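To keep things clear, I will list the structure first and then write my remarks on it.
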Amino acid sequence: MRAGRDALRRGLALGTVTLAISAGLTAGAGAATPPAGPDAGRAATPVLDWVPCPSPPGTQCATARVPLSYRDPNGPQISLALMKRPATDPQHKIGTVFTNPGGPGNRGRIPPRLSPAVAARFDIVGFDPRGTNNSTPVTCSDDPADDAKLSPVFPVTEAEEAAAIQQVGEVTARCAQHAGPLLGHMSTANVARDLDLLRRAVGDRQLTYLGTSYGTHLGEVYANLFPQRVRAMALDGVLQPQEWTTGRLPGQGNEPFVYRIGSHLGAQAALKNLLRECAAHTQCEFGGPGTTEQSLHRKYDDLLARLRRGPVTLTNSHGEQQQITYQELVNRMLTGLYGWGAAAYLTPFLQRLHLAAQDPATAAAPVQIPAAAPPRFARADEPQRAWNTWWSAVACTDSDNPRDPRAVGRHARLAEAAAPGFASAWVYRSLPCASWPVTDPDRYTGPWNRPTANPVLLVGNRRGDPATPYEDAVSTSHLLGRARLLTADLSGHGVAYDGLNPCVDQWLDGYLTNLALPPVGTVCAAVRGPFDPPAATR
């Protein structure tokens with residue numbers, strides 16, 4: 001593995017860097033296919049007045065003004081908040097890398113720290129997409145509590161389902177009255193048009209982009225609206241664009257869009273990987289002598305069944321007693337599976353919960369209890385005021401969904417056999433879309449195979465991604481007009497530049513800087529197993 005990484009470094013150092021960069025910046029730039037829908041080219045290029053940000057140190061901030069509607073490019077405008085990490089080697093700067101961390105609704109304004117190789121040659125720019133965070137925001141009401149009501153704990157009983165439907169419906173009705181015209185212009189296609197204006201504003205002839213999770217769909221839409229303007233586009237944790245929008249097959253538009261995506265199947269694959277690793281390692285507390293993946297799966301399913309009958313009490317690491325319900329276990333497992341090292345800290349929690357379910361006296365021993373919700377990428381001093389509103393405003397305007405809210409529950413129950421718990425936790429996220437009050441006529445629903453000026457690089461975790469199944473990265477690599485798939489032999493949601501896999505990061509470095517693609521079929525092995533000591537990475 002080390003020899004392979006060294007060879008990669010030599011290849012990048014000896015490659016024809018200048019020729020590759022020049023080709024990437026100029027190929028097809030004068031012969032772009034007219035984009036579908038409103039043409040962002042008629043809108044004025046924003047003027048970016050960069051000033052030092054209050055924090056983090058060394059960053060610069062700016063505000064861009066863009067059209068509310070690209071059908072009226074000279075009409076009302078909204079603001080986008082941007083932040084830049086300037087290139088550390090400005091004399092050899094290639095351009096700008098734009099980033100999006102996912103969601104939709106996650107804070108995008110604070111750009112990630114990428115590798116030194118990329119940070120030297122590029123300004124790294126993040127922006128809060130339209131309608132979210134520090135950009136001109138959408139809100140559904142004056143009551144902050146309404147945002148949480150858009151995402152109730154997934155129901156188990158008929159009474160809980162009826163209450164969830166009523167609660168969500170009341171908020172979406174208030175949203176129709178309160179949100180204003182921006183609510184009808186929140187589709188990913190309009191974010192992609194904004195992104196093209198930002199590309200023009202920084203002076204890049206073509207776009208260099210890194211998107212994660214939902215950020216991959218933003219990349220897919222941009223690549224098909226503006227195919228000849230793609231210089232380099234790395235998409236990590238890939239959404240299948242047909243599943244997100246209309247479905248792959250006729251009639252699938254009547255399915256909840258999260259059901260189509262199959263996130264529950266990715267979560268179940270990640271769980272199977274965790275149990276497989278647990279059975280193979282003696283230090284896994286949830287396992288034991290003679291255990292197998294199958295026996296541990298039965299043990300886990302028995303724990304789910306026990307919690308459906310009532311909560312179990314544990315003592316957390318602060319010495320406080322905490323009740324764990326069925327829904328909480330599912331959500332805490334789903335959260336934990338987002339990370340590559342899930343097995344190492346989820347399995348002690350599972351074992352302690354298993355013991356407490358059998359004998360309440362064991363609940364006195366403290367254990368670290370995982371968080372109950374996936375991270376939202378918010379800084380502590382910059383709370384996200386309306387994340388569920390922003391998530392719904394984008395997802396529900398992008399996607400086809402049934403208008404009968406009870407259809408969401410029917411599909412959740414249909415999926416439960418394949419992914420107990422995870423199916424309901426994921427599919428009920430579609431519930432706001434059944435009563436969402438507006439559509440965006442300028443959304444993009446295909447085609448998805450327009451050849452781009454340069455190939456798109458997709459990254460997927462093949463051992464189980466609990467949000468965007470690996471199979472979707474595979475199918476999208478065949479769907480897009482020009483794409484290459486890089487596989488990571490890992491579980492978890494996303495891997496790019498998280499410090500866990502140098503192989504992935506080095507291929508990304510070569511692609512973003514030199515447009516060098518990994519060979520077809522490249523797989524980056526895990527550096528260490530989830531139960532290996534940290535010293536193994538040195």
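The values are calculated or read from the model by the stated rules, or taken from the named source; none is laboratory data. None of these values were measured; they are calculated from a predicted model. Virtual Cβ from ideal backbone geometry, glycine too; neighbours counted across all protein chains shown.
List of remarks:
- Members of the range 502-538 found to be assigned to a loop (DSSP other than H, G, I, E, B) and either of a type in the set (A, V, I, L, M, F, W, C) or at pLDDT 95 or above (or both), listed by number: 515, 516, 517, 518, 519, 520, 521, 522, 525, 526, 527, 531
- Counted residues, the range 48-102 - those being without any contact (Cβ under 8 Å) to a residue 12 or more places away in the chain and within 22 Å of residue 214 (Cα to Cα): 0
- The lone criterion from (1) more than 16 Å from residue 46 (Cα to Cα); (2) in contact with a Ser or Thr (Cβ under 9 Å, 6 or more places away or on another chain) left unmet by residue 63 is number (1).
- Residue selected from the range 319-370 under the condition part of a helix (DSSP H, G or I) and charged (D, E, K, R), by the criterion surrounded by the most Cβ atoms within 10 Å (Cβ to Cβ): 352
Yes/no matrix, rows are residues, columns are (1) closer than 30 Å to residue 513 by Cα; (2) assigned to a loop (DSSP other than H, G, I, E, B); (3) outside the structural domain of residue 431 (by TED's automatic domain parsing):
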site: 146; (1), (2), (3): no, no, no
site: 169; (1), (2), (3): no, no, no
site: 200; (1), (2), (3): yes, no, yes
site: 204; (1), (2), (3): yes, yes, yes
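- Of residues in the range 126-146 being of a type in the set (Asp, Glu) and over 20 Å from the mean Cα position of the chain (by Cα), the one surrounded by the most Cβ atoms within 10 Å (Cβ to Cβ): 146
- Residue match in the range 235-242 (condition: assigned by TED's automatic domain parsing to the domain that holds residue 210, touching a residue at least 60 places away in the same chain (Cβ under 8 Å) and acidic (Asp, Glu)): yes
- Tally, over the range 70-85, of residues that are of a type outside the set (A, V, I, L, M, F, W, C), under 18 Å from residue 128 (Cα atoms) and crowded, with 21+ Cβ neighbours inside 10 Å: 2
- Residues being polar (S, T, N, Q) and either crowded, with 24+ Cβ neighbours inside 10 Å or in contact with a helix residue (DSSP H, G or I) (Cβ under 9 Å, 6 or more places away or on another chain) (or both) are entirely absent from the range 157-165.
- Residue check, residue 287 of a type outside the set (Asp, Glu), surrounded by fewer than 20 Cβ atoms within 10 Å (Cβ to Cβ) and either at negative phi or modelled with pLDDT of 95 or more (or both): no
- One residue from 243, 255 being among the charged types (D, E, K, R) and within 19 Å of the chain's Cα centre (by Cα): 243
- So residue 44, is it of a type in the set (A, V, I, L, M, F, W, C) and under 26 Å from the mean Cα position of the chain (by Cα): no
- The lone exception for residue 499 - which of (1) in a helix (DSSP H, G or I); (2) without any contact (Cβ under 8 Å) to a residue 40 or more places away in the chain it fails: (1)
- Scanning the range 108-130 for residues that are of a type in the set (A, V, I, L, M) and closer than 15 Å to residue 64 by Cβ yields a single hit, 125.
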